[in-house]
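A short write-up of the structure that comes next.
The values are calculated or read from the model by the stated rules, or taken from the named source; none is laboratory data. No experiment lies behind these values; they were computed from the predicted model shown. Please note: Cβ atoms are built from the backbone with ideal geometry, for glycine as well, and neighbour counts cover all protein chains shown. For accessibility, only protein heavy atoms count, side chains too; no ligands or nucleic acids. Shrake-Rupley method; radii C 1.70, N 1.55, O 1.52, S 1.80 Å.
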Amino acid sequence: MKKNKKIVTKPFDRNMKPPKQNIFFMPLIWLYCWWVTRKGKLRINKVRMSGLKPPYLVLGSHHAFMDFCVTPLALFPHRANYVSELEGFEAYGEWLYRQIGCLGTRKFVNDLALIKNIKRVIDWKGILVLYPEARYANVGTNSKLPESVGKLAKMLKVPIVVINMRGNYLRSPIWNLTTRKEAILDATITQVFTKEEAAKATVAEINAKLQEFLIYDEYAWQYETKQAITYEKRAEGIELALYQCPVCKCEFQMASEGADIFCKHCGERWHMTEYGSMEHLSQKNRLLRESYNGISDSTVDFTHIPNWYEWERSQVIKEIEKGAYFLNIKVHIEVLPNAVNFIDLGEGTLRHDMKGFYLTFKEYDEDEEKTLHFSSISMTSIHTEYNYRGKGQCVTLSTVDNTYFLFPRCEGFNATKIQFATEYLYELAKLGGKKISSINS
């Protein structure tokens, strides 16, 4: 994190009126985006976009940093405003971020000031771009759309556009950002609802259709288009997402080397092919697998990486429904109150259970510990990082005026598992604690 001689604790001004994108910056932005995407042979497909002029709302799929380079080209020749987390403001400077049209906010909080600023953009006949998943794709698949997106879209009373991108994740997955040069880039931008269509549709109908247009599976697309990624270390880091062995079911014992991922506990090994599927290599360990008495889930096709990922989610759900899920871990805390600096708060404790998160720590320049509670019903998901600024895994918890970056200080922490738990506990909280599996049966 940046170190400043003077620590600034004043919160970010959420109510400041956002500027339009600086018109003099636009040629530079488009040139930079073209330069970054040209090696990926970006192709942009436009559907029902002919004649569409601002104002309108744009929802984008969220794969990687490349999303921010593809979107301006898809919207050319129009400029837009973008909802952005404050990390970017801190990293590149608030003045620059405001000049390129960014509205600052925090992830997974109810920010009424943001809604007000979004309305301002629409009122001056602008384009507002929002990435509703609010984090990069862990294994190249979409996340569930928050219900609030449909409410926002309905409130704005403008056309609703979706840009679904492909190849951005394959080119630079969040768990290993090394560029895979063979991955091609593709985007489809669609006017999903005209202003009149949006006015007639219910919030539920809007959400359902938007979710449909935001579905993606990068590994399925890679296989279908026969994109061979030959990077020799293409599997290194994927154990951050695939943290549980499907054979012995041990957690946090997966490791990677080159194009292989393996379990340190039972020795099972998988090879990631050039086309993004997993080949099970450890046939010599058949007797070992049989010794687990059928513990391996034979109903899941683990050759497809997203299936492995969703199987892990199912294991977390089972753990929660048995009442066995519980996290209590020491963490190092850095807080971002504004667009100026991170503040090191030292050590604290993070607890996660059915009622939500409890973060115990000492605030900056305070002697007494305090505990913040983030209830399950207040968090549809949680922001996760696999190697945040070179410091390793972390999750973040936010209030409207602070974001707490939490880095583990002991074993038993995996950001992906915490994300799965957060999402299911939110669904449970909505249903008053009733098991979803029993309701659906």
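Miscellaneous remarks
- In region 63-82, the residues that are in a loop (DSSP other than H, G, I, E, B) and either surrounded by 21 or more Cβ atoms within 10 Å (Cβ to Cβ) or hydrophobic (A, V, I, L, M, F, W, C) (or both): H63, A64, F65, M66, F76, A80
Rundown of residues vs (1) in a loop (DSSP other than H, G, I, E, B); (2) more than 26 Å from G356 (Cβ to Cβ), yes/no style:
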residue: G88; (1), (2): no, yes
residue: L96; (1), (2): no, yes
residue: G104; (1), (2): no, no
residue: F108; (1), (2): yes, no
residue: K119; (1), (2): no, yes
residue: I122; (1), (2): no, yes
residue: V129; (1), (2): no, yes
residue: A134; (1), (2): yes, no
residue: N138; (1), (2): yes, no
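- Residue within region 267-275 that is modelled with pLDDT under 95, open to solvent by 10 Å² or more (accessible area, probe 1.4 Å) and over 21 Å from W175 (Cα atoms) present: yes
- Cβ separations smaller than 7 Å between residues 6+ apart or across chains give the following pairs from region 202-227 residues that are in a helix (DSSP H, G or I) to residues that are among the aromatic types (F, W, Y): I206/F193; E218/Y169; Q222/Y275; Y223/Y275.
- Evaluated against (1) surrounded by fewer than 19 Cβ atoms within 10 Å (Cβ to Cβ); (2) modelled with pLDDT of 95 or more; (3) touching a strand residue (DSSP E or B) at 6+ places or on another chain (Cβ under 6 Å), I377 falls short on exactly one condition, (3).
- If you check G88, G60, G104 for being without any contact (Cβ under 8 Å) to a residue 24 or more places away in the chain and either open to solvent by less than 20 Å² (accessible area, probe 1.4 Å) or touching a Leu at 6+ places or on another chain (Cβ under 6 Å) (or both), only one passes: G88.
- The C-beta contact set for region 135-146 (first residue within 8 Å of I174 (Cβ to Cβ), second residue among the hydrophobic types (A, V, I, L, M, F, W, C) and open to solvent by less than 10 Å² (accessible area, probe 1.4 Å), distance under 6 angstrom, 6+ apart or interchain) comprises Y136/A64; N138/A241.
- Enumerated strands (runs of 3 or more DSSP E) restricted to region 238-279, each holding at least 2 residues that are touching a Leu at 6+ places or on another chain (Cβ under 8 Å): 260-263, 269-272
- No other residue among T403, T399 is touching a Ser or Thr at 6+ places or on another chain (Cβ under 7 Å) and farther than 21 Å from A324 by Cα apart from T403.
- Filtered residue count, region 358-374, keeping only those that are assigned to a strand (DSSP E or B) and either in contact with a Ser or Thr (Cβ under 8 Å, 6 or more places away or on another chain) or open to solvent by 40 Å² or more (accessible area, probe 1.4 Å) (or both): 10
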